[in-house]
1. Please work out the ratio of the alpha-carbon Rg of region 42-108 to 2.2 N^0.38 Å and round it to two decimals.
2. Please give me the summed charge of the neighbours of residue 50: other residues whose Cβ is under 15 Å from its Cβ, Lys and Arg +1, Asp and Glu -1.
3. Using r as the Cβ-Cβ distance of residue 37 and residue 84, and R0 as 35 Å, what FRET efficiency do you calculate, to the nearest 0.05?
Amino acid sequence: MAVYSPPLPKNVQGPKADPGALEFDDLQHFLIHRSPALAARYEFLTFRNPSAGRAWLRAITEKVTTAAAVRSGQLDARWVTVALSWNGIRALGLEGHALASFPEEFRQG
């Protein structure tokens, strides 16, 4: 059965998103839950050019454990987390105005 909802008049707004609401699909797991790891492995990577770094980041993104996965109980045996330095983000080709939005302490390393 389809339900029809007429559009709201132009002077009436629909429900607004809670500005304090967290988007758990966009958060890495460690921000809300400690991983139950008995061991960890850290890798420091260097890429020959920005496009290679962006390709790697695109590929690894689907393996990163999100806060949403932790909340839903859909956990994998391995928890993947990615961290980038300010210089790493800059090397990937982020625009200048976006780079400038990071706190000075992060930019200094």
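1. Normalised Rg, Cα atoms only: 1.31.
2. My count for the surroundings of residue 50 gives +3.
3. The calculated FRET efficiency here is 0.95.
None of the figures in this text is laboratory data; all of them are computed from the coordinates on show. Just so it is clear, the model here is predicted, and its values are computed rather than measured. We place every Cβ from the backbone using ideal geometry, glycine too, and count neighbours over all the protein chains shown.
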